[in-house]
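Accompanying notes for the structure given below.
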Amino acid sequence: MQKTIAVLPGDGIGPEIIEESINILNAVAKKFNHMFEYKYGLIGASAIDKTGDPFPKETEEICRTSDAILFGAIGDPKYDNDPRAKVRPEQGILRLRKSLELFANIRPVSIYPELFDISPLKNEKLKNVDFIIVRELTGGIYFGEKKRFSSSKSASDVLTYSKDEIKRIAKKAFDLAKKRKKKVTSVDKANVLETSRLWRETVNEISQDYSGVELNHLFVDNTSMQIIKRPSEFDVILTENMFGDILSDEASVLAGSIGLLPSASIGEKYALYEPIHGAFNKAAGKNIANPVGTILSAAMMLRLSFKMEEEAQVVENAVKETIKDGKRTKDTAPSQETYLGTKEFGEIIKKNCL
Ligand code: IPM
Ligand code: MG
């Protein structure tokens with residue numbers, strides 16, 4: 001098969017982890033006789049430095065004319081420390097998600113038994129943990145109007161959700177649950193927020209079409225506790241944009257490192273694949289980043305966008321095998337142990353793909 005992939009390395013460790021994923025994709029292409037063509041685009045702080053715009057027109061064009069998008073990471077502390085900055089790296093990924101309508105962010109949380117010990121949770125809590133966070137990605141407080149009042153004495157961010165936005169993400173969650181453990185936990189703050197009450201009402205309506213799937217509702221504060229207390233009981237967690245952002249970082253602690261977790265951001269026409277972690281700028285260029293989250297995101301791309309199930313499994317199994325063999329990156333190594341660099345670790349995963 002011939003596929004064109006838009007590659008957006010972005011900032012910080014982005015370029016390094018993307019490079020390892022491309023090596024793996026090339027190995028898969030060779031093994032299965034595919035042709036992958038890569039079109040590179042600028043995004044984030046590196047795009048601001050070169051063009052003044054975190055999401056240049058050319059990048060959007062590359063994304064719109066490719067079969068899928070592979071994304072690294074975004075962010076730079078020089079903007080975090082400047083709250084007045086008008087142009088910010090994160091606007092790059094937010095505008096990309098919005099303009100391509102990538103409304104469904106799928107974040108699977110699975111755990112490697114060999115890494116139980118690097119998680120702060122007790123081993124017995126981690127057994128059978130296997131859930132997916134389905135996060136709404138193009139609505140909510142992220143995209144509501146932002147304002148400053150009376151020369152910055154106050155500010156506001158508007159949180160809005162339409163019924164249609166809730167319906168389409170709810171359907172995604174139920175469709176996923178149907179193929180899994182048939183359980184949806186919808187997370188909201190319906191005891192306080194009107195958008196959450198509309199959310200709950202709408203999710204209840206959608207659930208009528210999925211009689212085989214069990215639905216329960218949890219408040220987000222309680223969910224953040226239950227993810228730690230009984231993580232193995234979740235199957236599909238359905239939630240809005242900001243709650244999903246926060247809960248997915250929390251859930252990564254179960255896996256032992258945020259560097260391990262992939263994600264897919266899917267719309268009707270386009271799909272983007274990215275690790276859930278940030279740009280980790282301090283580690284940039286040091287060959288210490290964990291490429292697994294990005295490599296597994298590439299595997300999700302093979303499965304979901306290209307319908308290459310066998311190829312996706314080859315990559316996922318290669319990652320599993322590498323970890324099983326005791327190979328570790330810095331973030332997953334117990335402190336006394338030696339660890340491998342990003343490149344060396346990526347190279348072993350690649351060998352295990354062949
Ligand atoms: C994520 C990130 C982004 C988000 C940032 C970089 C804008 O934290 O993908 O989880 O908040 O969505
Ligand atoms: Mg986040």
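The values are calculated or read from the model by the stated rules, or taken from the named source; none is laboratory data. All of these numbers come straight from a predicted model, not from anything done at the bench. Neighbour counts run over all protein chains shown; Cβ positions are idealised from the backbone, glycine included. Ligands, DNA and RNA are stripped out before the accessible areas are found, and what is left, the full protein with its side chains, is counted by its heavy atoms. Shrake-Rupley method; radii C 1.70, N 1.55, O 1.52, S 1.80 Å.
State whether one or more residues within the stretch 168-184 are outside any loop (DSSP other than H, G, I, E, B) and more than 25 Å from V213 (Cα to Cα).
No, there is no match, as no residue in the stretch 168-184 is outside any loop (DSSP other than H, G, I, E, B) and more than 25 Å from V213 (Cα to Cα).
Would you mind finding the one in I295, I349 that is in the same structural domain as I24 (by TED's automatic domain parsing) and under 18 Å from the mean Cα position of the chain (by Cα)?
Sole residue among the options that is in the same structural domain as I24 (by TED's automatic domain parsing) and under 18 Å from the mean Cα position of the chain (by Cα): I295.
Of the residues that make up the stretch 221-242, is at least one on the phi > 0 side of the Ramachandran plot and more than 16 Å from ligand 1 (Cβ to nearest atom)?
No, every residue in the stretch 221-242 fails to be on the phi > 0 side of the Ramachandran plot and more than 16 Å from ligand 1 (Cβ to nearest atom).
Among (1) in the same structural domain as L176 (by TED's automatic domain parsing); (2) away from ligand 1 (no atom under 12 Å from the Cβ); (3) in contact (Cβ under 8 Å) with a residue 12 or more places away in the chain, there is one condition Y270 misses while meeting the rest; what is its number?
Every condition holds for Y270 apart from (1).
Checking the structure you have, find out if any residue of the stretch 37-49 is of a type in the set (F, W, Y) and touching a residue at least 40 places away in the same chain (Cβ under 8 Å).
No, the stretch 37-49 contains no residue that is of a type in the set (F, W, Y) and touching a residue at least 40 places away in the same chain (Cβ under 8 Å).
Taking the conditions exactly as written (open to solvent by 30 Å² or more (accessible area, probe 1.4 Å) and in the same structural domain as Y38 (by TED's automatic domain parsing)), does E233 satisfy them or not?
Considered against the rule, which asks whether it is open to solvent by 30 Å² or more (accessible area, probe 1.4 Å) and in the same structural domain as Y38 (by TED's automatic domain parsing), E233 comes out as no.
I228 passes all but one of (1) among the β-branched types (V, I, T); (2) open to solvent by less than 30 Å² (accessible area, probe 1.4 Å); (3) outside the structural domain of R97 (by TED's automatic domain parsing); which number fails?
So I228 meets the others, but not (2).
Against the definition (hydroxyl-bearing (S, T, Y), open to solvent by 30 Å² or more (accessible area, probe 1.4 Å) and within 14 Å of I237 (Cβ to Cβ)), how does S186 come out, yes or no?
no
In the stretch 126-141, which residue that is open to solvent by less than 40 Å² (accessible area, probe 1.4 Å) and assigned to a helix (DSSP H, G or I) is nearest to ligand 1 (Cβ to nearest atom)?
It comes out as G140.
Listed here are the residues, each with its yes/no results for (1) in the same structural domain as L94 (by TED's automatic domain parsing); (2) over 28 Å from S252 (Cα atoms); (3) open to solvent by less than 10 Å² (accessible area, probe 1.4 Å); (4) not charged (D, E, K, R).
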residue: F143; (1), (2), (3), (4): no, no, no, yes
residue: K147; (1), (2), (3), (4): no, yes, no, no
residue: K172; (1), (2), (3), (4): no, no, no, no
residue: R180; (1), (2), (3), (4): no, no, no, no
residue: Y210; (1), (2), (3), (4): no, yes, no, yes
residue: N216; (1), (2), (3), (4): no, no, no, yes
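Only residues that are surrounded by fewer than 24 Cβ atoms within 10 Å (Cβ to Cβ) and within 12 Å of ligand 1 (Cβ to nearest atom): list them for the stretch 245-261, please.
D245, I246, L247, S248, D249, E250, S252, I258 - these are the residues of the stretch 245-261 that are surrounded by fewer than 24 Cβ atoms within 10 Å (Cβ to Cβ) and within 12 Å of ligand 1 (Cβ to nearest atom).
Take the residues of the stretch 105-125 that are assigned to a strand (DSSP E or B) and more than 13 Å from ligand 1 (Cβ to nearest atom): which is least open to solvent (accessible area, probe 1.4 Å)? Break it down stepwise before answering.
First, pick out the residues of the stretch 105-125 that are assigned to a strand (DSSP E or B): 105-110.
Remaining after also requiring more than 13 Å from ligand 1 (Cβ to nearest atom): 108-110.
Working: P108: 33, V109: 3, S110: 58 Å².
Once the filter is applied, the top-ranked residue is V109.
For E337, are the conditions met, namely being out of contact with any helix residue (DSSP H, G or I) (no Cβ under 8 Å at 6 or more places or on another chain), in contact (Cβ under 8 Å) with a residue 60 or more places away in the chain, in a loop (DSSP other than H, G, I, E, B) and open to solvent by 20 Å² or more (accessible area, probe 1.4 Å)?
In short, no.
Within the stretch 149-167, restricting attention to residues that are β-branched (V, I, T) and part of a loop (DSSP other than H, G, I, E, B), which residue is most open to solvent (accessible area, probe 1.4 Å)?
Going residue by residue through the stretch 149-167, those that are β-branched (V, I, T) are 158, 160, 166.
Narrowing the set further to residues that are part of a loop (DSSP other than H, G, I, E, B) leaves 158, 160.
Details: V158: 60, T160: 83 Å².
Filtering first and then ranking leaves T160.
For the stretch 267-313: of the residues being aliphatic (A, V, I, L, M) and open to solvent by 30 Å² or more (accessible area, probe 1.4 Å), which is farthest from V253 (Cα to Cα)?
L304
Could we say that A264 is within 23 Å of L115 (Cβ to Cβ), at pLDDT 95 or above and of a type in the set (G, A, S) here?
Working: within 23 Å of L115 (Cβ to Cβ): yes; at pLDDT 95 or above: yes; of a type in the set (G, A, S): yes.
Yes: the conditions hold for A264.
Please enumerate the residues belonging to the stretch 245-291 that are β-branched (V, I, T) and away from ligand 2 (no atom under 15 Å from the Cβ).
Those that are β-branched (V, I, T) and away from ligand 2 (no atom under 15 Å from the Cβ): I266, I288.
For S66, are the conditions met, namely being surrounded by fewer than 17 Cβ atoms within 10 Å (Cβ to Cβ) and closer than 29 Å to L176 by Cβ?
no
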